[in-house]
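Novice: Handing you this structure, nothing more for now.
The values are calculated or read from the model by the stated rules, or taken from the named source; none is laboratory data. Quantities reported herein were computed from a predicted structural model and do not represent experimental measurements. As a convention, Cβ positions derive from the backbone with ideal geometry for all residues, glycine included, and neighbour counts pool all protein chains shown.
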Amino acid sequence: MTTVATKDNNTQPPPPWKSLVAGGIAGGVEAAATYPFEFAKTRLQLVDKSKVASRNPISLVLRVAREEGIKTVYTGCSTLVIGCTAKAAVRFLGFDSLKNLLSDDSGKLSGGRGVLAGLGAGVLESVFALTPFETIKTALIDDAQRPSPRYRGFVHGTYTLVKEGGVGAIYKGLVPVTLRQSSNAAVRMGSYSFLKQKVQAMNNDDPNKPLSGATTFLVGAIAGIITVYTTMPLDTLKTRMQSLESKKEYRSTLHCAQRLLKEEGVRTFWKGTTPRLGRLVLSGGIIFTIYEKVIAIL
């Protein structure tokens, strides 16, 4: 993920504040650049199987833009940008800290330890940043497709949710979010770190030497592809549990999974894969590239 530090040479890992700042900047830029994919994925996951609706993310975005206005396509975008800035800052800070603890004397991180560091980073970002912002974003998108939307934006939506349901209302879905994000971070950060070290080894590069921008983007994109297909079921469960109707529909995350499997089939767990794949391939390339560049500048 980040520049791998050799513990016994002069190159040191980035200090915590650099990881925090670089991660936050990378997360915010990535979220804004890829939001239409996130909007399409969430809309697809909120559509019941019995309803007739296009499953093509591009068609969905174009139809919504045409019928409801381009502004609707960016419903919840500010929430996601703020949330991604916070969660990426926590994720990179957590991963770098855990990586430095788990790396060997040469500064290298084994595949298993990379996954473990990513897992820990995912838990931290889920609890401290991701869950409330994901809940608010999902509620805003769900509300926007109703005949008479209630929420006027991020601030009003957050205020209304907390006023009516308490702080717990924005922590709805904490379990599926943590499951999804810990596995997501474990796979994404672990695979990126592993692939980066393999490329450095192939080129006989020092483990502290950053990859080129193009190579970083490619490695990040591949890590994104791996992440999508391994964690999509948890993402679908997270979205369903954060929908406005979840309290009426599901007793727990397990009950939600059982109902989806029984009523909509196993394929529904991968509903929204295409837009999420588009987003994570781009975001994987963008976020790691920007992170590495900002770290170098700082």
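Novice: Taking the condition surrounded by 16 or more Cβ atoms within 10 Å (Cβ to Cβ) and either free of Cβ contacts under 8 Å to residues at least 40 places away in the same chain or within 29 Å of Leu161 (Cα to Cα) (or both), does Leu116 pass? Break it down stepwise before answering.
Specialist: Values: surrounded by 16 or more Cβ atoms within 10 Å (Cβ to Cβ): yes; either free of Cβ contacts under 8 Å to residues at least 40 places away in the same chain or within 29 Å of Leu161 (Cα to Cα) (or both): no.
No, not satisfied.
Novice: Specify the residue that is farthest from Ser78 (Cα to Cα); the eligible residues are those in region 9-44 that are part of a loop (DSSP other than H, G, I, E, B) and in contact (Cβ under 8 Å) with a residue 12 or more places away in the chain. Steps first, answer last, please.
Specialist: Our first condition is that a residue be part of a loop (DSSP other than H, G, I, E, B); within region 9-44, this holds for 9-15.
Within this subset, residues satisfying the condition of being in contact (Cβ under 8 Å) with a residue 12 or more places away in the chain are 9, 11, 13-14.
Values: Asn9: 42, Thr11: 37, Pro13: 32, Pro14: 29 Å.
Among those that are part of a loop (DSSP other than H, G, I, E, B) and in contact (Cβ under 8 Å) with a residue 12 or more places away in the chain, it is Asn9.
Novice: Which residues, counting only those in region 77-86, are at pLDDT 85 or above and either assigned to a loop (DSSP other than H, G, I, E, B) or buried (at least 24 other Cβ atoms within 10 Å of the Cβ) (or both)?
Specialist: Once the filter is applied, which keeps residues that are at pLDDT 85 or above and either assigned to a loop (DSSP other than H, G, I, E, B) or buried (at least 24 other Cβ atoms within 10 Å of the Cβ) (or both), region 77-86 yields only Cys84.
Novice: May I pose another question? Taking into account only those residues within region 191-213 that are among the small types (Gly, Ala, Ser) and modelled with pLDDT under 90, which is surrounded by the most Cβ atoms within 10 Å (Cβ to Cβ)?
Specialist: From region 191-213, those among the small types (Gly, Ala, Ser) are 191, 193, 201, 212-213; that's our starting set.
Narrowing the set further to residues that are modelled with pLDDT under 90 leaves 193, 201, 212-213.
Values: Ser193: 27, Ala201: 11, Ser212: 11, Gly213: 13.
The extreme case among them is Ser193.
Novice: Continuing with the same structure: Looking at region 231-253, I want the residues that are under 19 Å from Gly157 (Cα atoms) and crowded, with 19+ Cβ neighbours inside 10 Å and have a partner that is of a type in the set (S, T, N, Q) and modelled with pLDDT under 85 with Cβ atoms under 8 Å, at least 6 apart or on another chain. Which pairs are those?
Specialist: Listed by first residue and then by second, the contacts come to Thr239/Thr42; Thr239/Gln45; Thr239/Thr138; Arg240/Gln45; Arg240/Ser246; Gln242/Thr138; Ser243/Thr138.
Novice: Can you confirm whether region 282-293 contains a residue that is surrounded by 21 or more Cβ atoms within 10 Å (Cβ to Cβ) and either of a type in the set (Lys, Arg) or touching a Lys or Arg at 6+ places or on another chain (Cβ under 9 Å) (or both)?
Specialist: The first filter runs over region 282-293 and keeps only residues surrounded by 21 or more Cβ atoms within 10 Å (Cβ to Cβ), leaving 283-292.
Going one step further and asking which of them are either of a type in the set (Lys, Arg) or touching a Lys or Arg at 6+ places or on another chain (Cβ under 9 Å) (or both), we end up with 284, 288.
The answer is yes; a qualifying residue exists.
Novice: If a residue has to be assigned to a loop (DSSP other than H, G, I, E, B) and touching a Lys or Arg at 6+ places or on another chain (Cβ under 8 Å) to count, how many in region 231-253 make the cut? Working first, answer last.
Specialist: If we filter region 231-253 for residues that are assigned to a loop (DSSP other than H, G, I, E, B), which is where we start, we get 243-245, 250-252.
Subsequent filtering for residues that are touching a Lys or Arg at 6+ places or on another chain (Cβ under 8 Å) retains 250.
Number of matching residues: 1.
Novice: Follow-up question, since we're still on this one. If I filter region 44-76 down to residues being modelled with pLDDT of 75 or more and β-branched (Val, Ile, Thr), which single residue comes out as farthest from Phe154 (Cα to Cα)?
Specialist: The residue in question is Ile58.
Novice: Moving to a separate point now. Go through the residues of region 136-152 one by one and say whether even a single one is modelled with pLDDT under 85, buried (at least 18 other Cβ atoms within 10 Å of the Cβ), under 15 Å from the mean Cα position of the chain (by Cα) and not polar (S, T, N, Q).
Specialist: yes
Novice: Of the residues Ala223, Ala201, which is out of contact with any Leu (no Cβ under 8 Å at 6 or more places or on another chain) and among the aliphatic types (A, V, I, L, M)?
Specialist: Values: Ala223 fails: out of contact with any Leu (no Cβ under 8 Å at 6 or more places or on another chain).
It is Ala201.
Novice: Let me ask something else about it. Among the residues of region 254-279, how many are more than 15 Å from Phe37 (Cα to Cα) and either loosely packed, with under 12 Cβ neighbours inside 10 Å or among the aliphatic types (A, V, I, L, M) (or both)?
Specialist: The total comes to 9.
Novice: Further, regarding this structure: Of the residues Ala186, Ala214, only one is in contact (Cβ under 8 Å) with a residue 40 or more places away in the chain and either part of a helix (DSSP H, G or I) or within 26 Å of Arg259 (Cα to Cα) (or both); which?
Specialist: On the way: Ala214 fails: in contact (Cβ under 8 Å) with a residue 40 or more places away in the chain.
So the residue among Ala186, Ala214 that is in contact (Cβ under 8 Å) with a residue 40 or more places away in the chain and either part of a helix (DSSP H, G or I) or within 26 Å of Arg259 (Cα to Cα) (or both) is Ala186.
Novice: Select, from Val228, Val219, Val199, the only residue that is in a helix (DSSP H, G or I) and either among the basic types (Lys, Arg) or within 29 Å of Ala144 (Cβ to Cβ) (or both). Spell out the reasoning first.
Specialist: Working: Val219 fails: either among the basic types (Lys, Arg) or within 29 Å of Ala144 (Cβ to Cβ) (or both); Val199 fails: either among the basic types (Lys, Arg) or within 29 Å of Ala144 (Cβ to Cβ) (or both).
So the residue among Val228, Val219, Val199 that is in a helix (DSSP H, G or I) and either among the basic types (Lys, Arg) or within 29 Å of Ala144 (Cβ to Cβ) (or both) is Val228.
Novice: Additional query: Would you call Ala169 touching a residue at least 40 places away in the same chain (Cβ under 8 Å) and either farther than 24 Å from Thr216 by Cα or in a helix (DSSP H, G or I) (or both)? First the steps, then the outcome.
Specialist: Details: touching a residue at least 40 places away in the same chain (Cβ under 8 Å): no; either farther than 24 Å from Thr216 by Cα or in a helix (DSSP H, G or I) (or both): yes.
Considered against the rule, which asks whether it is touching a residue at least 40 places away in the same chain (Cβ under 8 Å) and either farther than 24 Å from Thr216 by Cα or in a helix (DSSP H, G or I) (or both), Ala169 comes out as no.
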